[in-house]
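The values are calculated or read from the model by the stated rules, or taken from the named source; none is laboratory data. Fair warning: this is a prediction, and the values are worked out from it, not measured in the lab. Counting neighbours? That spans all protein chains shown, and the Cβs are built from the backbone with ideal geometry, glycine included. Side chains included, ligands, DNA and RNA excluded: accessible areas come from the protein's heavy atoms. Shrake-Rupley method; radii C 1.70, N 1.55, O 1.52, S 1.80 Å.
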Amino acid sequence: MKILLSLTLAAALTPCVLRAANTEFKPGEIWTDTSGAPINAHGGGLLYHDQTYYWYGEIKTGKTWSPKSNSGWGGTRVDVVGISCYSSKDLLNWKHEGNVLPAVQDDPQHELHKSKVVERPKVIYNKATKKFVMWMHIDSEDYQLAHAGVAVSDQPTGPFQYLGSCRPDGAMSRDMTVFQDDDGKAYLFHSSEDNKTMHIALLSDDYLKPSGKFARVFEGRSMEAPAVFKHQGRYYFMASDCTGWAPNAARSAVADSIWGPWRELGNPCRGPDAALTFHGQSSYILPVAGQPGTFICYLDRWKQFDLQDSRYLWLPLQLTAAGFEVPWKDSWKLAK
Ligand code: DGJ
């Protein structure tokens, strides 16, 4: 009787389904977190801090719909929910840390109101102020505000406090990324001038505002979705063309100084549908900690009419003599 009772108790306490750990990257497939829910972190960025990776991204849930103001160019949307954060030690298995910058529900004027646009969050850590600083694209529903917004937190897992937004150096700002250099300086790369020209803006030492020093690069080349990395003193850049949610051929470039001159290298993608960036769009390029020369290219595969089912393409990035390539893989692992 006693044995039967303990067996029943043990069975009741054991979870019915044990989630198998993720052991490989499977680009384009549903990627579940440690609770078994699909990872919801789109257009995002990564931070490595104290031996842990953090993944921040747009939460895309709910109905996809098309505001009248955007119908001419296919600008479907979901209401803003906030920015999610996940943590991981191995880049494959991610624990959901929550919504670290939730949308505002009751003030339609607020820049984080669910009716606005909050995209492409990127977080960097400021050693001097000990603050985690998030930059993101802030916009009105019709994308005419064209601002960059900033938020801060004392912990990587939030909550982040929204500080406001601006047009950096007076210039329009839509798709963006933040790049933190080895010397601690941080730069905002943002699509500006009606998305025709990319701007690089040096941030203030506390990373909370533009410093006033900036450059115009890739003039008239119409690029979105910038991602930047550095290897052996050279700066590398990846971006997309401007075709809304629809995929196009990726761009890449290299420079010896962050201020340029930047030399375009063409589409770095290799393999099936490389001409359409494997139906993806660049979001972030991650240097793998402790493995110099190893980078992961994180792309979004947007679903224009069902944005919440958008997927991630994490692919290995290979450095070449001229620049870099991103080959397609159905599944792959990082070499140990
Ligand atoms: C392309 C941008 O790269 C995305 O971040 C998003 O703003 C879509 N356009 C909206 O159509």
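When you scan segment 276-285, how many residues do you find that are part of a helix (DSSP H, G or I) and farther than 13 Å from A246 by Cβ?
The qualifying residues number 1.
Residue check: is L163 assigned to a loop (DSSP other than H, G, I, E, B), open to solvent by 20 Å² or more (accessible area, probe 1.4 Å) and among the hydrophobic types (A, V, I, L, M, F, W, C)?
Considered against the rule, which asks whether it is assigned to a loop (DSSP other than H, G, I, E, B), open to solvent by 20 Å² or more (accessible area, probe 1.4 Å) and among the hydrophobic types (A, V, I, L, M, F, W, C), L163 comes out as no.
Out of the strands (runs of 3 or more DSSP E) lying entirely within segment 286-336, which hold 3 or more residues that are open to solvent by less than 70 Å² (accessible area, probe 1.4 Å) and either over 28 Å from V117 (Cα atoms) or free of Cβ contacts under 8 Å to residues at least 60 places away in the same chain (or both)?
311-319, 324-327
Kindly evaluate K131 against the criterion of being away from the ligand (no atom under 12 Å from the Cβ), touching an Asp or Glu at 6+ places or on another chain (Cβ under 7 Å) and at pLDDT 95 or above.
yes
Hey, K2 hits all of (1) closer than 30 Å to P327 by Cβ; (2) modelled with pLDDT under 95; (3) not aliphatic (A, V, I, L, M) but one; which does it fall short on?
Of the numbered conditions (1) closer than 30 Å to P327 by Cβ; (2) modelled with pLDDT under 95; (3) not aliphatic (A, V, I, L, M), the odd one out for K2 is (1).
Could you list, in sequence order, all residues of segment 29-61 that are within 16 Å of the ligand (Cβ to nearest atom) and of a type outside the set (A, V, I, L, M)?
Scanning segment 29-61 gives N40, H42, G43, G44, G45, Y56, G57, E58, K60.
Name, by its number, the condition in (1) away from the ligand (no atom under 14 Å from the Cβ); (2) surrounded by 22 or more Cβ atoms within 10 Å (Cβ to Cβ) that does not hold for Q281.
Exception for Q281: condition (1).
For segment 187-228, which positions are open to solvent by 60 Å² or more (accessible area, probe 1.4 Å), in contact with a His (Cβ under 9 Å, 6 or more places away or on another chain) and in contact (Cβ under 8 Å) with a residue 40 or more places away in the chain?
Matches in segment 187-228: F214 only.
Would you say A250 is within 16 Å of the ligand (Cβ to nearest atom) and either in contact with a strand residue (DSSP E or B) (Cβ under 7 Å, 6 or more places away or on another chain) or within 17 Å of L46 (Cα to Cα) (or both)?
So A250 fits the description; yes.
Tell me which residues, restricted to segment 82-126, are among the small types (G, A, S), farther than 30 Å from D183 by Cα and either under 16 Å from the mean Cα position of the chain (by Cα) or surrounded by 18 or more Cβ atoms within 10 Å (Cβ to Cβ) (or both).
Within segment 82-126, G82, A103 qualify.
Among the numbered conditions (1) outside any strand (DSSP E or B); (2) touching a residue at least 12 places away in the same chain (Cβ under 8 Å), tell me where S87 comes up short.
The failed condition is (1).
Out of segment 127-139, which residues are under 20 Å from the mean Cα position of the chain (by Cα) and open to solvent by 10 Å² or more (accessible area, probe 1.4 Å)?
Across segment 127-139, the qualifying residue is only K131.
Of the residues in segment 57-84, how many are in a loop (DSSP other than H, G, I, E, B) and either aromatic (F, W, Y) or free of Cβ contacts under 8 Å to residues at least 40 places away in the same chain (or both)?
5
Quick check on my filter: what residues within segment 62-81 are away from the ligand (no atom under 14 Å from the Cβ) and under 17 Å from the mean Cα position of the chain (by Cα)?
Listed by number, the list holds a single entry, V81.
Any idea which of (1) farther than 22 Å from D194 by Cα; (2) away from the ligand (no atom under 14 Å from the Cβ); (3) modelled with pLDDT of 95 or more is the one L299 doesn't satisfy?
(2)
For the structure I just gave you, tell me whether D142 is of a type in the set (D, E) and within 15 Å of the ligand (Cβ to nearest atom).
yes
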